[in-house]
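Worksheet: the structure to be examined is printed underneath.
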Amino acid sequence: MNRFFNNHHLYSWMEIQRALTTPVNVAASFAKNLYTNTMNPLAYTQAGRSFGAYFELLERITRNYAEPEFGIKSVKVDGKAVAIKEVLVTEKTFCRLIHFKKEPSVKPQPKMLIVAPLSGHFATLLRGTVQDTLPYFDVYITDWANARDIPMSLGPFDFDDYVDYVIAFTEHLGSNVNLMAVCQPSVPVMAAVAIMSAKNNKYTPDTMTLIGGPIDTRVNPTKVNKTAYERPIEWFEQNVITHVPVNYPGFMRKVYPGFIQLSGFMSMNLDRHIGEHLGLFMHLVQGDGDSAEAHKKFYNEYLAVMDLPAEFYLQTVRLVFQEFALPKGKMVSRGRPVKPEAITKTALLAVEGERDDISGVGQTKAAIDLCKGLPADKKKYHLQKEVGHYGSFNGRRFREEIVPTIFNFVSKHSKA
């Protein structure tokens, strides 16, 4: 009974905590504005800046972070600024397909469907990924829904549904599509391409880029991999799965809450996160606006989390991290055998970060060997030096080294 209470009422307790901290958040916001207001003489003193920094930090700690926007208004293509408009292409129950349309249109560019991870953060975590690929590609992205907002009457969503969504979106975009899977979706994307290839689907993508994905987590396993493998699936079901509380449309839907995923990631590098927030405090006191803004921009994104459908989370843990179904050749999706060797036309690029502590070096590279039907000149591996997991799809090295590698690979193998 105690386990039932802890498990099934975890989300409700979290909501109560949020409600209790709301007055603190409001008070901290008021005090922050008071001490940072340019009309207040205290704002120009050391004490005033210290109080302002303290209350801003308190306001951020007690804030409930909402889903961010992509907010990409323009991008430079061939040195010229081009306006970007977000367009909803099509929508399914658990995902929207978004197009970053260039206006006015530019010369034809390869179609790139970025498959965002469904792992606790919103697709906007890939804002930098989108921003840096836009100069080279006609970019689309999967914008996954927060499971707590989906009524139970609309049914479940699992790993097989994810595979089906990738296939459906690829078909919707028509011929000559290129796929980019960032982290977690590497496995379902590879499964989707294998299924399409086996059926000679005319919309099978031209290329597939896998970035920092858990294709074979037996290779160089990380702390995340070991945790998922060493505990039975029943442990995850009993300890991290809970019901959506009554104040959301998805009331009573079973989910893996985003706040649990976030706490897990934060605890992995707790000292660094504490140091970052102390650094923010010092930047605010010293009036270093640029550094403070960069910090706030990152954590506004990082602390905004979403809930995953329980069936998707549990099936992913079992298939990918415990049974190693794909590399063992035992993966089946809705009765369809997933055979990487069936991929004979879709060129494969595997990208890894040298310091990745989420998907260890070699886990994504394993896809190269699994695609036995692909000739060697259609397969390429890129190890990016001096970057971790996040840096393999975001930041300066992604923009300056990885994106050009992807573009050159796609240019060579895309039929468009």
Proxy exposure order for ASP377, ASP160 (fewest C-beta within 10 Å first) is ASP377, ASP160
In this structure, the FRET efficiency calculated for LYS330 and ASP377 from their beta-carbon separation, with R0 = 25 Å, to the nearest 0.05, is 0.30
Non-local residues with an amide H under 5 Å from the amide H of THR90, with H modelled 1.01 Å from N and Pro and chain starts lacking one, are LEU97
For the range 165-220, the Cα convex hull volume per residue in Å³ comes to 74
Here the alpha-carbon Rg of the range 56-211 over 2.2 N^0.38 Å rounds to 1.11
Checking rank on 178-186, 327-335, with mean other Cβ inside 10 Å and highest first, the result is 178-186, 327-335
Under the Karplus relation with 6.51, -1.76 and 1.60 and θ = phi - 60°, whole-Hz ³J(HN,Hα) for the range 202-207, x at Gly and Pro, equal 5, 9, 3, x, 6, 9
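Could you order the peptides 341-347, 358-364, 231-237 from most to least packed, using the average number of other C-beta atoms within 10 Å per residue?
358-364, 341-347, 231-237
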Counting only backbone N atoms under 14 Å from a point 7 Å out along Cα-to-Cβ of ILE233, the residues of the range 124-162 in range are 158-160
The local net charge around GLN363, scoring Lys/Arg +1 and Asp/Glu -1 for residues other than GLN363 whose Cβ lies under 11 Å from its Cβ, equals -1
Scalar couplings 3J(HN,Hα) for the range 406-416 by Karplus 6.51 cos²θ - 1.76 cosθ + 1.60 (θ = phi - 60°), nearest whole Hz, x for Gly and Pro, are 5, 4, 5, 5, 5, 4, 6, 10, 6, 7, 5
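Since every read-out is calculated from the coordinates, none of them should be taken as a lab result. This one's a predicted model, so the numbers in the text were calculated from it and none came from an experiment. Please note: Cβ atoms are built from the backbone with ideal geometry, for glycine as well, and neighbour counts cover all protein chains shown.
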